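A.B. asks: Would you mind keeping the following structure in view while I ask a few things?
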Amino acid sequence: MDELTELLHRAAAAAAHYRTTLPDTPVAPRADVAALRPAFGDAMPKQPSPPGDVVDELIQAAEGGLMGTAGPRFFGFVIGGSLPAATAADVLTAGWDQCAFNGVLAPAAIAAEACAGSWLKDLLGIPATASAGFVTGGQEANTLGLLAARHHVLTEAGWDVERDGLLGAPAVRVVAGVERHATIDRSLRLLGFGTSLLEEVDADTNGAIDLASLEQVLGAGSAGPLIVCLQAGNVNTGACDDLRAATELVHRHGGWVHVDGAFGLWAAANPATAHLVDGLELADSWACDGHKWLNIGYDSGFAFCSRPEAHAMAASYRAAYLTGSGGDPSGGDLTLQSSRRARGFAVWAALRELGNDGIADLVERCCLLARRFADTLAAGGAEVVNDVVLNQVLVGFGDDARTEKVIEAVQRDGTCWLGGTTWRGRRLMRISVSNYATTEDDVDRSAAAILAATAR
């Protein structure tokens, strides 16, 4: 055990050193996969190796190939760098090595999820009676929300989809906005619906669902099982659907409302932005990420459902060998995993570190910094395309080809890292401000680097 202690200290020290370098080093990796691959070796070693040597070799092999996503100037995706307490909790999670399937197998892990789930629901304005599954991210959360929806609407139609499948089942209508996230389509494929049945609803100029179009689509279809996907936080613009009006409309048609709120749902935690997600409590299921705006390391997401019985019936299973199976739904009953890491520890630690006020401040600061980005770039001659309502900024630099060149130049420069997207037929720079450590100076340095690249 003395050797293990020394080994873990060595690994933790290397990780801590890496984190301390992030504010002052280039964000982009220096090497690509092809350059790094030989460092990880060729043939599988025949003989065992001392663990200390393995750790040293891993650190050396990864050198130059790490993207600074945990640092303050990564704006490429909605990714927050893991908070100090969450990072330490992940280290403990690895050391404790718990399989968080149920409360018999991992009582501390399930207790942490129960507490953190309660805190999350209160923070986000989700009914306290809702279930909370701790999942890998937005994809699994969206899939679980639609899985519970499928169970409920078909049960209401007199069909047992878990027993009889979809062949011969009543036709289910699935409605979503044209600006939905791609994970919705993937979930429909995974659940056996396919994507051709999806009925699309128009969006307004900033990407939020158009209520008149929604009403028209709902009225034009036949009565029967209905699932509607709404969005809190468009992945390009940050726009949020009118959740109150849209949900009330869908419920009048007898439908289930699922809200994809991977990052936008966090607007509810900040009094200055909570109006953007007004009415979210009326929905039937919600998807949210922890490794985005809550600043927890990968992988961490949440699937909430207003009908816990539908959530558990759709996702859980029983087996004679599973000690503790069949009790109150928790852990693996509310996710798509059985052998699952105890991700609730890091969530609890992040919430405990920040508290309500800290999370509100984190969201508000990121929104203010996004607007600072937009104002600075616009003053420098760039075109800010979207209405900056949350933490997303879309920027154009002339035609598509020139915009792509600016993005590539910024990535090479290394001051910051961001990517491109296609919005309304145009290639644009996409800036996401999500990290707790990002400062005004980070934004100013990054904006200056972007404008310098534009000038070149």
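What follows is calculated from the coordinates using simple rules that are stated; it is not laboratory data. Note that the structure is predicted; figures quoted are calculated from it, not measured. Here the Cβ is made from the backbone with ideal geometry for all residues, glycine too, and neighbour counts use every protein chain on show.
A.B. asks: Over 10 Å intervals from 0, what percent of Cα-Cα pairs in the chain sits in each interval?
C.D. replies: Histogram of Cα-Cα distances, whole percents per bin: 4, 19, 27, 26, 17, 6, 1.
A.B. asks: Please list the equivalent ellipsoid semi-axes of the range 90-349, computed as the square roots of five times the alpha-carbon gyration tensor eigenvalues, in descending order and whole angstrom.
C.D. replies: On the way: eigenvalues 174, 104, 40 Å².
Equivalent-ellipsoid dimensions as semi-axes: 30, 23, 14 Å.
A.B. asks: Please enumerate, by chain and number, the lysines with C-alpha under 23 Å from the C-alpha of K121, excluding those fewer than 8 residues away in the same chain.
C.D. replies: K292
A.B. asks: At 0.36 nm per residue, minus the direct Cα-Cα distance, what do A182 and C115 gain on full extension? Give it in nm, one decimal, please. Don't jump to the answer; show the numbers that get you there.
C.D. replies: Working: separation 67, 0.36 × 67 = 24.12 nm, distance 3.12 nm.
Length gained, A182 through C115: 21.0 nm.
A.B. asks: Let me ask you something else. Between A223 and F77, what's the calculated FRET efficiency when r is the beta-carbon distance and R0 is 41 Å? Round to 0.05.
C.D. replies: Working: r = 40 Å, r/R0 = 0.98.
Computed FRET efficiency for A223 and F77: 0.55.
A.B. asks: Roughly how far apart, in whole Å, are the Cα centres of the range 28-78 and the range 162-230?
C.D. replies: 41
A.B. asks: Moving on to the next point. Computed over the Cα atoms, what is the radius of gyration of the range 1-90 divided by 2.2 N^0.38 Å, N being its residue count? It would help to have the intermediate numbers written out before the result.
C.D. replies: Numbers: Rg = 15.3 Å, N = 90, 2.2 N^0.38 = 12.2 Å.
The range 1-90 yields a ratio of 1.26.
A.B. asks: Which of the trypsin sites (Lys or Arg not before Pro) across the range 172-281 are loop residues per DSSP, with 14 or fewer other Cβ within 10 Å? Before the final figure, lay out each step's value.
C.D. replies: On the way: sites: R173, R180, R186, R189, R244, R252; in loops: R180.
Answer by residue number: there is no such site.
A.B. asks: Now a separate question. Taking the simple approach of a point 7 Å from Cα along Cα-to-Cβ for both T21 and V104, what is their distance in nm?
C.D. replies: With each label point 7 Å from Cα toward Cβ, the separation is 4.8 nm.
A.B. asks: Now, a different point. If packing is taken as the average number of other Cβ atoms within 10 Å across a peptide's residues, how do 412-418, 43-49 rank, most packed first?
C.D. replies: 412-418, 43-49
A.B. asks: Run the quick spin-label model on A14 and S338: label points 7 Å from Cα toward the beta carbon, then report their separation in nm to one decimal.
C.D. replies: 3.4
A.B. asks: Using the alpha-carbon centroid of each, what span in Å lies between the range 331-389 and the range 96-148?
C.D. replies: 19
A.B. asks: Under the 0.36 nm per residue contour assumption, what length would be gained going from the current alpha-carbon distance of K46 and E63 to full extension? List each step's numbers first, then the result.
C.D. replies: Values: separation 17, 0.36 × 17 = 6.12 nm, distance 2.48 nm.
So the extension gain works out to 3.6 nm.
A.B. asks: Any idea how far apart T205 and E404 come out in nm if each label point goes 7 Å out from Cα toward Cβ?
C.D. replies: 2.9
A.B. asks: Here's another thing I want to ask about it. Can you show me the helix-derived [θ] at 222 nm for the chain, built from DSSP H runs with n ≥ 4 at -39,500 (n - 2.57) apiece and divided by the number of residues, rounded to the nearest 500.
C.D. replies: For the chain, the value works out to -13500 deg cm²/dmol.
A.B. asks: Output the peptides 65-76, 218-229, 191-202 sorted from most to least packed, where packing is the average of other Cβ atoms within 10 Å over each peptide's residues.
C.D. replies: Working: 65-76: 21.0, 218-229: 17.2, 191-202: 14.5.
Most protected by this proxy first, the peptides run 65-76, 218-229, 191-202.
A.B. asks: Can you tell me the FRET efficiency between T129 and Y317 if r is taken as the Cβ-Cβ distance and R0 is 22 Å, rounded to the nearest 0.05? Display every interim value, and only then the final one.
C.D. replies: Working: r = 24 Å, r/R0 = 1.07.
Taking R0 as 22 Å, the efficiency between T129 and Y317 is 0.40.
A.B. asks: How large is the dipole of the chain about the Cα centre if only Lys and Arg carry +1 and Asp and Glu carry -1, each at its Cβ, rounded to the nearest 20 debye?
C.D. replies: Working: 34 positive and 55 negative charges, 109 e Å.
Roughly 520 debye for the chain.
A.B. asks: For A378 and A274 in one chain, what is 0.36 nm times their gap in residues minus the Cα-Cα distance, to one decimal in nm?
C.D. replies: So the extension gain works out to 34.8 nm.
A.B. asks: So which chymotrypsin sites (Phe, Trp or Tyr not before Pro) in the range 315-360 are both in a DSSP loop and have at most 12 other Cβ atoms within 10 Å of their Cβ? Write out the running numbers ahead of the final one.
C.D. replies: Values: sites: Y317, Y321, F345, W348; in loops: Y317, Y321.
Of the chymotrypsin sites (Phe, Trp or Tyr not before Pro), the ones in loops of the range 315-360 whose Cβ has at most 12 other Cβ atoms within 10 Å are Y317, Y321.
A.B. asks: Work out which helices of the chain, taken as complete DSSP H runs, extend at least 15 Å along their axis over the Cα atoms and score a mean Kyte-Doolittle of 0.5 or more, then list them. Provide the component values of the computation, followed by the final result.
C.D. replies: On the way: long enough: 2-21 (29 Å, -0.36); 51-62 (17 Å, 0.36); 84-96 (18 Å, 0.71); 107-124 (25 Å, 0.81); 138-156 (27 Å, -0.12); 344-379 (44 Å, 0.52); 400-413 (20 Å, -1.04); 440-455 (22 Å, 0.21).
Length and hydropathy pass: 84-96, 107-124, 344-379.
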